[in-house]
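**Student:** Quick one: the structure is below, questions incoming.
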Amino acid sequence: MSNINDNNDKTQIASLDSSTKKTSSIHKQNLLGKKISDRYLIEELIGQGGMCYIYRARDTFLENSGRSEASVAIKVLQEEFSNSEEAISLLKDETAKTQQLAHPSIVKVYSADSDGDLYYVTMELIEGETLEQIIKRNKPSGLAFKKAKIILEQLTDALIYAHSRGVIHNDLKPSNIIFDSNGNLKVLDFGIAKHKSLDDQYAVKNESEFATIGGYTPTYASPEQLKGGEASIKDDVFSFACIAYELLSSKHPFNRIAADKVPKNTTVKKPSNCPLLLWKNLHKALSLSASQRLDSLEQISKTLKVNLKPAIFASVASVAIIALITQNYFSSSDNTKQLQAQLDNAKAINQQVEAWMSWQGPTILNKLEQIPPQYEVLKQGLLRSNQQSILDSFNDEASQFNNIAGRKFKDFDKIIAVYSNALNYYPDSEKLSMQLESVLRERQSIIFDITARIDLLLEQSRYNEDQPNSIAHLVKDLKEVDKTYRYQPTDLHLDNFTVALNTAIESDDVISQKVLLNVGKIVFSNNKKAEELLANLMKRESAINALTAYQQKINLGEQAEFPRADAVIFYGPKFQRFSAQLETIEDHKALMEFEEFIKSESTALPNDFSLLVSLRKELSRRYISTANDLMKKRMYKAAERLVEKSEAITQSLDNML
């Protein structure tokens, strides 16, 4: 079979409208070391479900009361669901349903509560091995039936108990089944409510807005469950059968393909470890057709219990002896199973510990997470015994970033990350600390050299240096050495920059303004004192760029069209100053001098430039009004001269039409 999807073993989230999910990558709540509701101190992230993160926490209230065991598991609703009333209701419903269940093979749920926008459930903390790990450890032949039946009997007892109280698990899978240190089975995550499917590639979309289906894992979900059918005991029966088959054979009955994608005529071969009597019922439980599937797990449970009973005596014994044997059997049966489970679990643990201890070399770092938290001492022992080879591996990794094609400097960020990661494993290593310190000092020395060169250029107002000594190039070098480093200019640097910019603006030096604009964005963008200065400059950026390109073409003797709209923006403030200056002139000689000044200031502008045309029209009007004033004073020759000036301007403007 093909089309095995990596998501088949993950719980598919139900019902929450897709708008409740954030489009950004899900960020794990950083709760480590924090206290929830001023009571539960978060110690470690130990798992993740479809909607929740699961943490180990210490109940400080019980701890302060002198309780020796104050650890709990806390299931916290993920951030993207914290504003969803449906998700919160789902969490509360799961708690309420599971609280109804009092069974030794079902994990205890204590309460549901909230702390601000944080919604959580507290439950019994079980530290041990999951059924998923047991299945993996017993590949490729599967677990012997003698050992498997102890697990399956506990699992059927838990499910039958839950079903009798109207609770369907709805997401049964090996990772939801765990064994404590005594070998006792515990089922997690009971009571997940059914809701409308969310982004499940295997589920048929339901046309009804309020139709409901549940949270489930495609690999172990029944066909009708995947198609959005109402939750039923038969869903759990199918999931149980898949798990039992995988436990006995180390293979999934349908090659991990979602059941609604499996051809209906598919046949499933009996595992060699499975007795015929059990296979008869297990095969029915695996039926892809709900109508042909077992209605409950009762028959499978009875079969498992029959297999545990002694063989029937071939000869007839006395009634008293039979009664005595029967009485002794039933009185000791539970203890025998318990002892056998403990013994099998102890053997399995010893085998696993021996396997862990055989690990060697740097590759153990990729495997350490496979070792449960209660074996922390073993982890540390493996790290110590393999320390030299692991440190050599870190050094080899760091050396790869010393010379990289296309880079001027070492990749200090990655080298530092390598040694920092190494220190997480060996925090007391003096050699590692010295290596990291050496890299940090080398980087700081380079940063000091580059910043000193930038300081000098800014102090001397040398904004137009060529590479590799340009300010832009040196700032780029800084980012290559340390991508988090931000150059901090001084007040003197800003004062020099302001003077240079004002000079360039007053002289209409568009090329210099372009250079200063780039320097301003690179050096002063995070300087609060320069905010207003840069903001005004940024408003003119498009105009500066257009006029710079125009001026460069003209300088090269090329044909270029004058960018009139951009020029209005660029020269606008200047012509506003000219207009204000014109309004203050009262003397007729000063008025004529002003005209000559405007001519000298606008030699680089076309005669029909709109701002220049408007100013000349205003000047013409001023000539006439001033001439009238002179006529009243009988200064006829001066008045006549002004009228001639006005007529010349008018004639010049008319010629442009």
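**Student:** Could you list log10 I(q)/I(0) for region 456-600 at q = 0.13, 0.17 Å⁻¹, which the Debye formula gives when each Cα is one point scatterer?
**Tutor:** Log10 of I(q)/I(0), two decimals: -0.72, -1.05.
**Student:** Could you tally the net charge around Gln467, taking each other residue with its Cβ under 11 Å from the Cβ of Gln467, Lys/Arg +1 and Asp/Glu -1?
**Tutor:** Around Gln467, the charge tally is -2.
**Student:** Here is a follow-up. Considering the options Tyr623, Thr650, Ala639, tell which one lies farthest towards the positive end of the dipole of the chain, charges being +1 on Lys and Arg and -1 on Asp and Glu at the Cβ, about the Cα centre.
**Tutor:** Thr650
**Student:** How far, in degrees from 0 to 90, does helix 298-308 lean away from the longest principal axis of the Cα atoms of the chain, to the nearest 10?
**Tutor:** The answer is roughly 50 degrees.
**Student:** If you don't mind, another one. Within a Cβ distance under 13 Å of Met434, other residues only, what is the Lys/Arg minus Asp/Glu net charge?
**Tutor:** Counting the neighbours of Met434, the net charge comes to -2.
**Student:** Rounded to whole Å and ordered largest first, report the semi-axes of the equivalent ellipsoid of region 382-519 derived from its Cα gyration tensor (root of 5λ).
**Tutor:** Taking √(5λ) for each eigenvalue gives 44, 14, 10 Å, largest first.
**Student:** Tell me whether region 585-655 comes out rounded, prolate or oblate; compute the Cα gyration tensor, take square roots of the eigenvalues as a ≥ b ≥ c, and use a/c under 1.5 as the rounded threshold.
**Tutor:** prolate
**Student:** Let me ask something additional. Taking Cα atoms, how many degrees apart are the long axis of helix 491-506 and the longest axis of the chain, rounded to 10 and kept between 0 and 90?
**Tutor:** Taking the Cα atoms of the chain, the angle to 491-506 is about 50 degrees.
**Student:** Shifting gears a bit: Considering amide H positions built from the backbone, and no H for Pro or chain starts, which residues 5 or more places from Tyr110, or on another chain, come under 5 Å of its amide H?
**Tutor:** Close amide H contacts, sequence-distant or interchain: Thr122, Met123, Glu124.
**Student:** Sticking with this one: How much length would be gained if the chain were fully extended between Ala560 and Ala604, taking 0.36 nm per residue of separation minus their Cα-Cα distance, in nm to one decimal?
**Tutor:** 14.5 nm
**Student:** Using modelled amide H (1.01 Å from N, peptide plane; none on Pro or chain starts), what sits under 5 Å from the amide H of Glu129, excluding residues fewer than 5 places away?
**Tutor:** So Glu129 has HN proximity to Phe179.
**Student:** How long are the semi-axes of the ellipsoid equivalent to the chain, from square roots of 5 times the Cα gyration tensor eigenvalues, in whole Å, largest first?
**Tutor:** Listed largest to smallest, the semi-axes of the chain are 83, 33, 22 Å.
**Student:** Let me ask something else about it. Return the subset of Lys234/Lys347; Lys553/Lys617; Lys139/Lys186; Lys136/Lys431 for which the Cα-Cα distance in this structure is over 28 Å, preserving the input order.
**Tutor:** From Lys234/Lys347; Lys553/Lys617; Lys139/Lys186; Lys136/Lys431, over 28 Å: Lys234/Lys347; Lys553/Lys617; Lys136/Lys431.
**Student:** Let me ask something else. Could you give each residue of region 230-246 its phi-based ³J(HN,Hα) in whole Hz, using Karplus coefficients 6.51, -1.76, 1.60 with θ = phi - 60°, and x for Gly or Pro?
**Tutor:** 3J(HN,Hα) across region 230-246, in whole Hz: 5, 5, 8, 4, 4, 5, 5, 4, 5, 4, 4, 5, 4, 5, 4, 4, 5.
**Student:** Calculate the dipole size of the chain relative to its Cα centre from +1 charges on Lys and Arg beta carbons and -1 charges on Asp and Glu beta carbons; express the result in debye to the nearest 20.
**Tutor:** The dipole magnitude comes to about 2180 debye.
**Student:** Please state the shape class of region 534-593: rounded when a/c is under 1.5, otherwise prolate if a/b exceeds b/c and oblate if not, all from the C-alpha gyration tensor.
**Tutor:** The shape class here is oblate.
**Student:** Rounded, prolate or oblate, given the Cα gyration tensor of region 28-123, with a/c below 1.5 counting as rounded?
**Tutor:** In terms of gyration-tensor shape, oblate.
**Student:** Positive end of the dipole of the chain, charges at C-beta (+1 Lys, Arg; -1 Asp, Glu), about the Cα centre: which of Ser579, Asn527, Ala244 has its Cα farthest in that direction?
**Tutor:** Selected residue: Ala244.
**Student:** Just want to confirm a number: the relative contact order over the chain, from Cα pairs under 8 angstrom separated by 6+ residues, in percent.
**Tutor:** Relative contact order comes out at 8 percent.
**Student:** Going by how many other Cβ atoms sit within 10 Å of their own, how do Ser399, Ser82 line up, fewest first?
**Tutor:** Ser399, Ser82
No value in this document is a laboratory result; all are computed from the given coordinates. All of these numbers come straight from a predicted model, not from anything done at the bench. Cβ atoms come from the backbone with ideal geometry, glycine included; neighbour counts cover every protein chain shown.
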